[in-house]
Amino acid sequence: MSAETLLKVEGLGKSFGGVMAVSNVDFELKRGDFLGVIGPNGAGKTTLVNLITGFVKPSRGKVIFNGKDITGRKPYDIANMGVARTFQMVRLFHNMPAYKNLIIPLCSQRVRKLRGGKYGERDDVAIDLLDDMGFERTSNVPYKTAGSLPHGYLKRLDLARALALRPDLLILDELFSGMSMAEVAGVLPIIEKLNTQGLTTIMIEHRLRELFRVVDRVMVLNFGVKIAEGSPDQVMDSDEVKKAYLGVDVEIPRGKPA
Amino acid sequence: MQEAEVKVRKRRLERAIKARTDTVFVIASPGDILYVLAPRVVPMAILLLLPLFVGGYHSKVIVHACVVGLLALSWELLASCGLFSLGQSLFFGVGAYMAGAMDKYLHLPIWVTIPVATLGGGALCALLLAPVVRLRGVYFAMVTLMLPILFKQIIEAWGILGGTHGLSGLTAFPNEWLDKYLIIVAFITVLFGLRSLITSDYGLVLKAIADDDRAVMSAGINIYSRKVQALFIAASVASFAGAFITHHYQFAGFSVFALDWAILPLAAAAVGGTGSFAGAALGSMILVPLSEALRAMGGLRMAIYCAILVFAVLALPEGIFRFLERKYQEFETVIEVK
């Protein structure tokens, strides 16, 4: 793994009216890193994602991706540069068959460039990708309307839509929310595998046990401010984090389970 | 003697023919071919052959229905990418005046004015509306509603393009058959052209924008440029209709910017069934002849027309086309079970 810096966030801040949703956040990601972002509700985690992906314009600070300043660029430009995201509340095309949802990113400039101008067989690429996500190609699940699928499938479809872009950086905004234990157990290995293959990932999550199993590093936000960063164990030992996030008396999951 | 019992079961042709998706067909018999082709070929054949049997006034009605049909198809394309337009009269009027001006002042032949007005009208309207594609729903509709009024006022105030009198004495089509069949063939071509466009990957992206534009942006697609492209196509279709009507009546005046040209296509799409081009086309083929038939009612014409519209939308909210499609898909054959 090369130690090249992929993403650099400097003094990033956003205020909505008088409220600082995110203030003065700095962090750096090297290629292949897996960063977890945690924090209580309203800590500014989703705003941070929106700031990096261009859905919200920062009030101050800089986002540098792959050596280029992408601060305030349009979401589709940033996506074409290789930043893909999922949404906390899945954003899908509910009237289309599930596999057709993936045709949209496959039509993007980025994928066209990566595939060397090969236009055809988008449907096949979509079905392959869905098969990897557990939509068995022999069943009729990939062909069902997205709106008729159960929640766990929708979350995986959202993940597949992000991956179809062949991103360099994947940002997962509470992918596991609303998923059953069994569904999480199905998706977690997929994400682990992607990361071992070298995909840089930021994962925002409330389910700490699962998060700590996969990430190398955790960043903690509270009221828009970064209050800690380090390995899961380091972060969980910090008194400030205990106070802000977990409450002092809560038993804390530690390290990667055997 | 005991009769051998013949077991039969009913089978929906639709189920047998469609394999998994809407676009893949499995055709096994001549009956299947007929089932697939009939709803596509028969209405088109009727439309193409009708002018041979009726003339004069009735063929004018067909021409008018095709013009409204083109506007309705143009409206439907914008609707399918989430742009709710009240400005079909803008596209129509720009095309009409462009063709008229080229004829009047530059003396260009018809085979130049119509194509140039089609593409030029499309480009001009796309350019005019490009800054407002960020607006959605009613806000976009409001802008499209205002622009035709603006154009009309400019022409009136400055007295350009014939001012309040309009451009008259323009070139007519060389013969009435070319006149009739140009619009009918254009209508059918645009109908099937847009249908295949919307089922292609390009059309899928447009429909996705209507569904969830943020998700489309996060998939690396510049939604604003896609919307402008859709505007260009839709405006070109309507501008063609405008350029055609200019040469058809040998006149271009304020009436092309009238609200009728925006409302009638919308009503046609609503009655025929929004969300499908065939619905918009069918709606205009029903509404235009209906409004002509009601002329006998005199003063009550509009009242009855509106009552029928309200009734149609209440009775069949899905639209006439969707209703017929559903009934057609329920068509069953009896087959023997061995």
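The values are calculated or read from the model by the stated rules, or taken from the named source; none is laboratory data. No experiment lies behind these values; they were computed from the predicted model shown. FYI the Cβ positions are ideal-geometry reconstructions off the backbone, even for glycines, and counts take in every protein chain you see. The area values use the complete protein model at the heavy-atom level, side chains included, leaving out ligands, DNA and RNA. Shrake-Rupley method; radii C 1.70, N 1.55, O 1.52, S 1.80 Å.
May I ask you to rank A:Leu51, B:Leu128, A:Leu114 by accessible area, largest first, using a 1.4 Å probe over the protein chains only? Show your work: numbers first, answer last.
Numbers: A:Leu51 5, B:Leu128 65, A:Leu114 90 Å².
So, going from the largest accessible area down, we get A:Leu114, B:Leu128, A:Leu51.
When you look at the Cβ of every residue in B:112-125, what mean number of other chain Cβ atoms sits within 10 Å?
Counting Cβ atoms of other protein chains within 10 Å of each residue's Cβ and averaging gives 0.
In debye, nearest 20, what is the charge dipole magnitude of the protein assembly as shown about its Cα centre with +1 on Lys and Arg Cβ and -1 on Asp and Glu Cβ, if you could check? Write down the numbers at each step before the final one.
On the way: 62 positive and 51 negative charges, 68 e Å.
Magnitude of the dipole: close to 320 debye.
If you count the DSSP beta bridges with both ends in the protein assembly as shown, what percent of them are antiparallel, to the nearest 5? Show your work: numbers first, answer last.
Working: 29 of 45 bridges.
Taking every DSSP beta bridge with both residues in the protein assembly as shown, the antiparallel ones total about 65 percent.
Classify region A:32-152 from the C-alpha gyration tensor, please: rounded if a/c falls under 1.5, else prolate or oblate depending on whether a/b exceeds b/c.
It is oblate, given that a/c is not under 1.5 and a/b is not larger than b/c.
Just to be sure I follow the definition: excluding the sites themselves, where is the longest run in chain B that has none of the GluC sites (Glu not before Pro) in a DSSP loop with at most 12 other Cβ atoms within 10 Å?
The reported range is B:6-329.
Using the crude model of +1 on Lys and Arg Cβ and -1 on Asp and Glu Cβ, and no other charge, please compute the dipole size for region B:57-333 relative to its Cα centre, in debye to 20.
It comes to approximately 280 debye.
Against the longest principal axis of chain B, how steep is helix B:320-329, in degrees 0 to 90 to the nearest 10, with axes from Cα atoms?
Result, in degrees: 20.
Check A:Arg217: other-chain or 5+ apart residues with amide H under 5 Å from its amide H, H built from backbone geometry?
A:Phe34, A:Gly36
Please state the relative contact order of chain B as a whole percent: Cα pairs under 8 Å, 6+ residues apart?
Value for chain B: 32 percent.
Assign unit charges at the C-beta atoms only (+1 for Lys and Arg, -1 for Asp and Glu), then state the dipole size of region B:154-290 relative to its Cα centre in Debye, rounded to the nearest 20.
220
Could you point to the residue in A:Gln197, B:Ala79, A:Val225 farthest towards the positive end of the protein assembly as shown's charge dipole, with +1 and -1 charges on the Cβ of Lys/Arg and Asp/Glu respectively?
The residue sitting most towards the positive pole is B:Ala79.
Which whole-Hz ³J(HN,Hα) couplings does region B:193-199 yield from phi under the Karplus relation 6.51 cos²θ - 1.76 cosθ + 1.60, θ = phi - 60°, glycine and proline marked x?
Per residue, the Karplus-derived 3J(HN,Hα) values read x, 5, 4, 6, 4, 6, 8 Hz.
Inside 10 Å of the C-beta atoms of A:86-94, what's the mean count of C-beta atoms belonging to other chains?
4
Could you sort the residues of region A:51-81 by number and keep only those whose accessible area is reduced by 40 Å² or more in the all-protein-chain setting relative to the chain alone, 1.4 Å probe?
A:Phe55, A:Tyr76
Going Cα to Cα from A:Lys226, which aspartates and glutamates come in below 19 Å? Please leave out same-chain ones fewer than 8 positions away.
A:Glu10, A:Asp26, A:Glu28, A:Asp33, A:Asp173, A:Glu174, A:Glu205, A:Asp216, A:Asp237, A:Asp239, A:Glu240
Which order do peptides B:268-280, B:81-93 fall in by mean Cβ count within 10 Å, highest first?
B:81-93, B:268-280
Compute the helix-to-body angle for B:138-158: its Cα long axis versus the longest principal axis of chain B, expressed 0 to 90° and rounded to tens.
30
Based on DSSP H assignment, which helices of chain A show an axial Cα extent of at least 15 Å together with a mean Kyte-Doolittle hydropathy greater than or equal to -0.5?
Span-like helices, by this rule, are A:122-132, A:151-163, A:181-196.
When you count, for each residue, the other Cβ atoms within 10 Å and take the mean per peptide, how do B:214-226, A:10-22 rank with the highest first?
Details: B:214-226: 22.5, A:10-22: 16.1.
The most tightly packed comes first, giving B:214-226, A:10-22.
Filter the cross-link list A:Lys74/A:Lys100; A:Lys30/A:Lys100; A:Lys8/A:Lys243; B:Lys104/B:Lys180; A:Lys30/B:Lys227 down to pairs whose alpha-carbon distance in this structure exceeds 30 Å.
Too far apart for the 30 Å limit: A:Lys30/A:Lys100; A:Lys30/B:Lys227.
What do you get for the angle between helix B:110-129 and the principal long axis of chain B? Use alpha-carbon atoms, 0 to 90 degrees, nearest ten.
That works out to roughly 90 degrees.
If you roll a 1.4 Å probe over the protein assembly as shown with all protein chains in place, what percent of the accessible area is carbon or sulfur?
Working: 16660 of 27360 Å².
The computed percentage sits at 61.
Just tell me which aspartates and glutamates come within less than 15 Å, Cα to Cα, of A:Lys242; anything on the same chain fewer than 8 places away is out.
Candidates past the 8-residue exclusion: A:Glu229, A:Asp233, A:Glu251.
Quick one: grab the alpha carbon gyration tensor of region B:127-237, order the square roots of its eigenvalues as a ≥ b ≥ c, and give me rounded if a/c is under 1.5, else prolate or oblate depending on whether a/b is larger than b/c.
The shape class here is oblate.
Based on the alpha-carbon gyration tensor of region B:57-333 and its eigenvalue square roots a ≥ b ≥ c, which shape applies: rounded if a/c is under 1.5, prolate if not and a/b is larger than b/c, or oblate?
Because a/c hits 1.5 or more and a/b fails to exceed b/c, region B:57-333 counts as oblate.
So how far, in whole Å, is the C-alpha centre of region B:115-134 from the one of region B:249-308?
24
Going by average Cβ density within 10 Å per residue, which order do the peptides A:122-129, B:201-208 take, highest to lowest? Mind showing how you got there, number by number?
Working: A:122-129: 18.0, B:201-208: 20.1.
Per-residue mean Cβ counts within 10 Å order the peptides as B:201-208, A:122-129.
Can you pull the mean other chain C-beta count within 10 Å for peptide B:204-216? Let's see the in-between values first.
On the way: counts 9, 7, 0, 5, 9, 2, 2, 10, 7, 2, 4, 10, 9.
For this peptide, the per-residue mean of nearby foreign Cβ atoms is 6.
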